[in-house]
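The values are calculated or read from the model by the stated rules, or taken from the named source; none is laboratory data. Computed from a predicted structure; not experimentally measured. Here the Cβ positions follow ideal geometry from the backbone for every residue, glycine too, while neighbour counts run over all protein chains shown. Surface areas here come from the heavy atoms of the whole protein model, side chains and all, with no ligands, DNA or RNA. Shrake-Rupley method; radii C 1.70, N 1.55, O 1.52, S 1.80 Å.
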Amino acid sequence: MRGTQSLVQICAVCWKRPSLLGWELLWRWGFGIPTAAILYYQGARIATRFPPGFSGLSPTDPAQAGQQLAMAAAALKPEVERVALWLGPLLAVAWAVASGLGRCALLKRLDPGLRPAPLTLILLQLMRMAALVAACLGWYCAIQWAADTNLNSSPPNLVAWSAWIICLSLGIFVLWALLSWIFSVAPLLAMLEGTGVFRSLAHSLHLGELTGKLVEVNLVLGIVRLALIVLAMVFSAIPLPLEADMTGTALYLWWVAITLLYLVASDFFQVARLAALVQFWRLYHPRTEQ
């Protein structure tokens, strides 16, 4: 059976087990809500101390608006960097711990035959966060290099700069997709086989026939998540023709409800993805069943 055909059945099974989605929401939102509150507090504090003055932006003069934004960013940059130096690593470690413990509990409830490995999952998540930060820094440095090379000349070469932006962004996106694949499969292998951090990472590169099924499932669910984003945007725009009747608090509550529905749906398909990976592994490795 093709991966997409099995995925429909797996989604139906996950729908009949709402506790799986509950566990996923518990650990994700248990981390996300306090993090959002902390970020809002820090952002409000910085904005109060360094008012950027966005009210004076000129919508009819993009050049002047760009200069105003650049000046505001320059004023905010030192304080933002100071906060990011201590808050970034703290949130990364907190996310790794929450993800490792939460994902371990979810997978154990999904398949009681799995071996609990919370420490391994936490370490793998820390490595994934480090790889993500490295990819973002690499992208930023590449974009900065492209700007220094093409925009400091007279006249600036905007065509070459745009071409470099597109090529570099796509290249780093593909690189991160490959790294993300490894770090997505490794935690499952750690609990399925009882392997450590580095052995799980190495084995995620050599899955044989199973690789095709997993790639198919990830591709389909990636398309589903894009469709969810489009639907969320469409539903968010529904009140706009009725702005005379639906403004202020009612409009904000509508947007909050759409956002929450999108997050719940996205987490549901994340649970379905994990269930599909475990089921395909059991299908191709029946001896690992307990």
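Numerical summary
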quantity	calculated
Tilt relative to the chain, helix 158-193 - C-alpha long axis, 0 to 90 degrees, to 10	30
Shape box of the chain [Cα atoms, principal axes, largest first, Å]	67, 51, 36
Residue among Leu110, Leu39, Leu210 with the largest mean-square fluctuation in a Gaussian network model of the chain, springs linking Cα atoms under 10 Å	Leu39
Degrees separating the helix 18-49 axis from the principal Cα axis of the chain, which is the longest one	20
Residue among Gln64, Gln125, Gln270 with the largest mean-square fluctuation in a Gaussian network model of the chain, springs linking Cα atoms under 10 Å	Gln64
Net charge of neighbours whose Cβ lies under 13 Å from the Cβ of Ala186, counting Lys and Arg as +1 and Asp and Glu as -1	+2
Of Lys108, Lys213, Lys77, the one that fluctuates the most in a GNM where the chain has Cα springs shorter than 10 Å	Lys77
Alpha carbon convex hull of the stretch 136-202, volume per residue in cubic angstrom	68
Size of electric dipole in the chain: Cβ of Lys, Arg +1 and of Asp, Glu -1, about Cα centre, debye, nearest 20	920
For the stretch 112-239: Kirkwood Rh in Å [reciprocal of mean 1/r, alpha carbons]	17.8
Fraction of accessible area attributable to carbon and sulfur, the chain (%, probe 1.4 Å)	73
Solvent-accessible area per residue, Å², over the stretch 124-224 with all protein chains present [probe radius 1.4 Å]	56
Relative contact order (%) - criterion: Cα under 8 Å, at least six apart; region: the chain	24
Prolate/oblate/rounded call for the stretch 202-278, Cα gyration tensor, a/c under 1.5 rounded	prolate
Net charge of neighbours whose Cβ lies under 10 Å from the Cβ of Gly102, counting Lys and Arg as +1 and Asp and Glu as -1	+1
Nearest-ten-degree value, helix 249-284 long axis tilted from longest Cα axis of the chain	30
